[in-house]
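The values are calculated or read from the model by the stated rules, or taken from the named source; none is laboratory data. This one's a predicted model, so the numbers in the text were calculated from it and none came from an experiment. Note that we place each Cβ from the backbone using ideal geometry, even for glycine, and neighbour counts take in every protein chain shown.
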Amino acid sequence: MSEIQDNNHNKQLNQFLYPHSSYYGEVKPENLLFNANLQEFAQKVNYICSLETNGKVKPVDAYTQIKHLWQELQTSKENLQIDPNSDPE
């Protein structure tokens, strides 16, 4: 494979493994960053669930990993000072 084909293949693989949806909310840096963190959280939870479903991860380990990811997401929200009472547009 040529270098261009390798780069294209890697880009397609990354888009498949780490899909990102467009953001349609209020465009502010903290909202965009939180949205990226939320999408990463969802992707990781999906992987953990799939591993647990296929018997590769014990249920208690899956729960612990997801709980840790949730705590990281909550910390992200707090650090970005996302207002829980703000209305979406």
remark   = In the set E30, E72, E26, E40, the lone residue that is surrounded by 11 or more Cβ atoms within 10 Å (Cβ to Cβ), of a type in the set (D, E) and either in contact with a helix residue (DSSP H, G or I) (Cβ under 8 Å, 6 or more places away or on another chain) or at positive phi (or both) is E72
query = Here is a list of conditions, (1) closer than 21 Å to Y23 by Cβ; (2) at pLDDT 95 or above; (3) surrounded by fewer than 15 Cβ atoms within 10 Å (Cβ to Cβ), and Y63 meets all of them except one; can you say which number that is?
reply = (1)
Matching residues, segment 28-43, being without any contact (Cβ under 8 Å) to a residue 24 or more places away in the chain and part of a helix (DSSP H, G or I) = P29, L32, N35, A36, Q39, E40, A42
inquiry  = With the structure loaded, tell me whether K56 is among the charged types (D, E, K, R), at pLDDT 95 or above, surrounded by 11 or more Cβ atoms within 10 Å (Cβ to Cβ) and not in a helix (DSSP H, G or I) or whether it fails that test.
reply    = yes
ask   = Within the set of pairs 6+ apart or on separate chains, which have a first residue in segment 64-86 that is under 14 Å from Q43 (Cα atoms), a second that is of a type in the set (A, V, I, L, M, F, W, C) and modelled with pLDDT of 95 or more, and C-beta atoms under 6 Å apart?
value = Q65/I48; I66/V45; I66/I48; L69/F41; L73/F41
inquiry  = Name the residue that is farthest from the chain's Cα centre (by Cα), counting only residues in segment 59-85 that are in a helix (DSSP H, G or I) and acidic (D, E).
reply    = D61
inquiry  = Going by what's in this entry, would Q15 be described as assigned to a helix (DSSP H, G or I) and either at positive phi or at pLDDT below 95 (or both)?
reply    = yes
